[in-house]
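Just below is one structure, and these are the notes that go with it.
The values are calculated or read from the model by the stated rules, or taken from the named source; none is laboratory data. Quick caveat, the model's predicted, so the values are computed rather than measured. Positions of Cβ are backbone-derived with ideal geometry, glycine not excepted, and every protein chain shown enters the neighbour counts. Note: accessible area is taken over every heavy atom of the protein model, side chains too, but ligands, DNA and RNA are not part of it. Shrake-Rupley method; radii C 1.70, N 1.55, O 1.52, S 1.80 Å.
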Amino acid sequence: MTTRRLMRVGVVGGGAMGCGIALELAIAGRRVVLYNTRADSSERARVKLERDAALLVETGLLTPAQREAALGRIRRTLVLAEAARDQDLVIESVPEDLALKQEVFRQLDGLAAPDTVLASNTTALSVTALARDCTRPERVLSAHYYLPAHLVPLVDVIPGERTSPDVVEAVRQWLEALGKTPVVYAKDVPGASVGPRLLQALIGEGIRLVQEGVATPEMVDRVLTQGIGRRLGVSGVFDRLDLAGLDLVTGVMRNAGRPVPPVLARKVEQGELGLKTGQGFYTWTPDATAAFEERVARGLITQLREDRAEGRLRAPTPEATE
């Protein structure tokens with residue numbers, strides 16, 4: 001199967017996610033047709049696109065000339081066929097409703113050229129189910145962005161049961177060329193991609209803490225933004241476990257009355273404790289350990305410097321000494 005270069009893109013749904021996708025593509029030199037169902041929502045999309053692009057100029061990520069050029073590559077329309085016809089790729093970003101998305105894909109299948117790739121931005125729905133009424137399900141897949149789409153690098157690439165591997169690879173390469181970080185799944189995983197599952201667990205635990213009276217919403221958000229969230233910006237789950245020490249993590253779980261996952265217990269029994277032993281979930285050489293610790297420190301320093309410069313955090317006041 002051959003796949004055209006993905007230069008002309010239609011985006012179906014000009015809400016917050018669709019606008020972010022359209023803006024990013026336009027900045028990267030792609031011609032974008034952005035579809036909304038109503039004139040008022042299309043006008044709101046225009047305002048959002050201009051506001052988001054202006055902030056990129058203010059923060060130095062774009063020049064004024066680049067901003068104008070990018071906005072000039074986005075054409076808004078109220079006609080679905082214009083977002084589908086003559087496009088290399090169409091990205092659907094309508095509300096998370098299976099019947100609605102299936103109807104959109106049925107229409108796109110009839111409007112787009114036979115070699116157009118059709119992608120859904122679905123968070124949790126089955127790609128195979130979305131492609132149910134498509135005559136070319138081998139060209140349908142999920143390209144799931146994270147809000148705000150033009151600022152968060154990650155994109156989940158998820159095939160359906162009949163999606164062509166060539167299409168998956170073409171989309172992966174296209175995303176990398178845009179400066180994104182694609183994560184490619186081996187199979188259709190409705191409701192089970194990594195990002196949404198982790199986020200759902202975090203949201204659920206946060207709500208329980210508030211319901212149980214352990215914390216207020218403000219406390220939960222402060223812990224995330226000033227603590228855990230900062231670390232997650234520069235490290236993940238498994239490298240953080242290795243950094244802390246798997247024996248320490250296991251002890252904390254047991255003291256809290258939580259079950260220790262078998263994979264974690266096995267690691268500890270085998271003496272694979274993380275950085276301290278050179279082996280945990282990852283293999284740690286002295287050079288790898290030093291590089292990881294420096295990367296984490298530099299990332300946290302950058303956040304700390306920005307917060308102090310913007311007045312969100314105070315710098316420490318030195319005490320006078322005798």
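Counting only protein heavy atoms and a 1.4 Å probe, tell me what percentage of the chain's accessible area is made up of carbon and sulfur.
57
Note down, for the chain, the three equivalent ellipsoid semi-axes (square root of 5 times each alpha carbon gyration tensor eigenvalue), biggest first, whole angstrom. Numbers along the way, then the final one.
Working: eigenvalues 314, 141, 77 Å².
In descending order the semi-axes read 40, 27, 20 Å.
Looking at the stretch 1-76, which trypsin sites (Lys or Arg not before Pro) are in a loop (DSSP not H, G, I, E or B) and have at most 15 other Cβ atoms within 10 Å? Present the calculation step by step, with values, prior to reporting the outcome.
Working: sites: Arg4, Arg5, Arg8, Arg30, Arg31, Arg38, Arg44, Arg46, Lys48, Arg51, Arg67, Arg73, Arg75, Arg76; in loops: Arg4, Arg5, Arg30, Arg38, Arg73.
Answer in residue order: Arg4, Arg5, Arg38.
On average, how much area does the Cα convex hull of the stretch 85-238 cover when viewed from any direction, in nm²? Don't jump to the answer; show the numbers that get you there.
Numbers: hull surface 41.9 nm².
Value for the stretch 85-238: 10.5 nm².
Show me, for the stretch 14-28, the HN-Hα J-couplings you get by feeding each phi into the Karplus relation (A = 6.51, B = -1.76, C = 1.60, θ = phi - 60°), rounded to Hz, glycine and proline as x.
Whole-Hz 3J(HN,Hα) from phi for the stretch 14-28: x, x, 4, 5, x, 5, x, 5, 4, 5, 4, 5, 5, 4, 7.
Can you tally the net charge around Val189? Count Lys and Arg as +1, Asp and Glu as -1, for every other residue whose Cβ sits under 12 Å from the Cβ of Val189. Kindly include the intermediate steps, with their values, before the conclusion.
Details: positive: Lys187, Arg197; negative: Asp156, Glu161, Asp188.
Summing Lys and Arg as +1 and Asp and Glu as -1 gives -1.
Please tell me the relative contact order of the stretch 124-275 in percent, rounded to the nearest whole number, where contacts are Cα pairs under 8 Å and at least six residues apart. Numbers along the way, then the final one.
Values: 152 pairs, mean separation 25.0, N = 152.
Relative contact order comes out at 16 percent.
Can you give the Rg and Dmax of the stretch 219-299 based on its C-alpha atoms, in angstrom?
13.7, 38
If I take all pairs of Cα atoms in the stretch 61-124, what percentage of them are more than 19 Å from each other? Don't jump to the answer; show the numbers that get you there.
Numbers: 887 of 2016 pairs.
Of all Cα-Cα distances in the stretch 61-124, 44 percent exceed 19 Å.
Over the Cα atoms of the stretch 159-218, what Rg and Dmax result, in angstrom?
17.6, 52
Using a Cα-Cα cut-off of under 21 Å, which lysines could be cross-linked to Lys276, ignoring same-chain neighbours fewer than 8 residues away?
List returned: Lys267.
Find the percent of Cα-Cα distances in the stretch 178-322 that exceed 26 Å, and round it to a whole number.
On the way: 4757 of 10440 pairs.
Above the 26 Å cut-off, the stretch 178-322 has 46 percent of its Cα pairs.
Would you please name the GluC sites (Glu not before Pro) within the stretch 169-276 that are DSSP coil residues with at most 11 other C-beta atoms within 10 Å of their C-beta?
Glu212
State the Kirkwood hydrodynamic radius of the stretch 124-182 in Å, one decimal place, computed from all pairs of distinct Cα atoms. Please report the intermediate quantities before stating the final value.
Numbers: mean 1/r = 0.0840 Å⁻¹.
Kirkwood radius, the stretch 124-182: 11.9 Å.
State in Å² the accessible area per residue of the stretch 107-182; use a 1.4 Å probe, count heavy atoms of protein chains only, and round to the nearest integer.
Values: 2930 Å² over 76 residues.
Result: 39 Å² of accessible area for each residue.
What area, in nm² and to one decimal, does the C-alpha convex hull of the stretch 164-257 cast on average over all directions? Don't jump to the answer; show the numbers that get you there.
On the way: hull surface 35.8 nm².
Orientation-averaged projected area of the Cα hull: 8.9 nm².
Relative contact order, percent, of the chain when contacts are C-alpha pairs under 8 Å separated by at least 6 residues? Mind showing how you got there, number by number?
Working: 474 pairs, mean separation 38.4, N = 322.
Averaging sequence separation for qualifying contacts and normalising by length gives 12 percent for the chain.
Among the lysines, which fall within straight-line cross-link reach of Lys180, defined as a Cα-Cα distance under 29 Å, with same-chain neighbours fewer than 8 residues apart omitted?
Lys48, Lys101
Let's see if you can work this out: charge +1 on each Lys and Arg Cβ, -1 on each Asp and Glu Cβ, no other charges. What is the dipole magnitude of the stretch 1-113 about its Cα centre, in debye to the nearest 20? It would help to have the intermediate numbers written out before the result.
Numbers: 17 positive and 15 negative charges, 70 e Å.
That gives a dipole near 340 debye.
I'd like to compare 54-64, 158-168: which one has the highest average count of other Cβ atoms within 10 Å, and what's the full order after that?
Details: 54-64: 12.5, 158-168: 18.8.
So the peptides 54-64, 158-168, ranked by packing, come out 158-168, 54-64.
What are the ³J(HN,Hα) couplings of the stretch 171-180, residue after residue, when phi is run through the Karplus curve with 6.51, -1.76, 1.60 and θ = phi - 60°? Round to Hz, x for glycine and proline.
5, 4, 5, 5, 5, 4, 5, 7, x, 8
Pairing the Cα long axis of helix 246-255 with the longest principal axis of the chain, what angle in degrees results, from 0 to 90 and rounded to the nearest 10?
On a 0 to 90 degree scale, this one is about 80.
Out of Cys19, Val260, Asn36, whose Cα points farthest toward the positive end of the dipole of the chain (charges: +1 Lys, Arg; -1 Asp, Glu; placed on Cβ)?
Positive-most Cα among the choices belongs to Asn36.
Along the three principal axes, how long is the stretch 23-138 when you take its alpha carbons, biggest first, rounded to the nearest angstrom?
The principal-axis extents, from largest down, are 44, 26, 25 Å.
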